[in-house]
Structures are given as C-alpha cells and as structure tokens.
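Notes follow the structure.
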Amino acid sequence: AFSGKPESITMRCDNIILDDVIDRFGTNIFTRKTSDTEFEFTVHTPPRGIKFWALQYLQYAEVLSPIWLKDQITSSILQNKYITSNTQ
C-alpha cells in the first residue's frame with residue numbers, strides 16, 4: 001500500500017481488466033459503463049499508488065482526473081528508459 005493523502009481519482013478502463021480493478025480497489029467502488037468495451041470509476045486513494053498501478057495497466061487504463069496526475073503519468077511514459085535509439 002502507498003502512503004500519502006488520499007484524493008478522488010477517476011479512471012477509464014477496458015472491460016478486460018474489471019476483475020483486476022476489483023481486486024485492487026475492492027467491491028465498494030461504483031463503475032459506470034461508458035461503452036461496450038470500457039467503464040469508468042472513481043476511487044479515493046493516494047495518487048502515487050494509482051500512478052504505478054496505471055503504468056502497470058498502461059494498455060488498458062487511463063487516469064481522467066486529476067489532470068496533474070494524468071500529466072505526471074504521461075511524463076513518466078515519455079521518459080521511458082527501456083526505449084533505445086539506434087544512435088547511442
């Protein structure tokens with residue numbers, strides 16, 4: 001578990017990870033179907049934990065708010081240390 005001040009965080013996820021969302025955040029979250037393939041939910045939790053969770057599920061999850069957290073995740077992705085170029 002991550003420490004820090006809990007904040008209200010809204011995410012949009014692919015239905016394929018619904019079980020993982022429930023495993024991580026419990027059954028007391030309210031999910032909203034946004035399309036045939038996606039849902040949204042809001043959780044009150046420390047942002048640092050969400051950041052690492054969202055990076056783990058990068059292909060299937062997107063932080064919608066707060067915007068500063070979404071921007072922080074985007075910055076982490078753009079600084080990917082595992083992408084190498086041909087010119088080293």
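For the chain, the relative contact order works out to 36 percent when only alpha carbon pairs closer than 8 Å and six or more residues apart are counted.
The angle separating the long axis of helix 47-56 from the principal Cα axis of greatest extent in the chain is about 70 degrees. Cβ crowding within 10 Å ranks S8, S3 as S3, S8, fewest other Cβ atoms first.
In the range 13-73, what chymotrypsin sites (Phe, Trp or Tyr not before Pro) fall in a loop by DSSP, with at most 10 other Cβ atoms inside 10 Å?
Values: sites: F25, F30, F39, F41, F52, W53, Y57, Y60, W68; in loops: F30, Y57, Y60.
Filter output for the range 13-73: F30.
Over the range 1-69, the hull volume per residue, using the convex hull of the C-alpha atoms, is 83 Å³.
Under 14 Å from a label point set 7 Å out along the Cα-to-Cβ vector of F52, the amide N atoms of the range 1-42 belong to 1-4. The length gained by stretching the chain between S3 and L64 to full extension, at 0.36 nm per residue less their Cα-Cα distance, is 19.8 nm.
Read the figures in this text as sums done on the coordinates, not as results from a lab. This structure is a prediction, so every number in the text was calculated from the model and none was measured. Please note: Cβ atoms are built from the backbone with ideal geometry, for glycine as well, and neighbour counts cover all protein chains shown.
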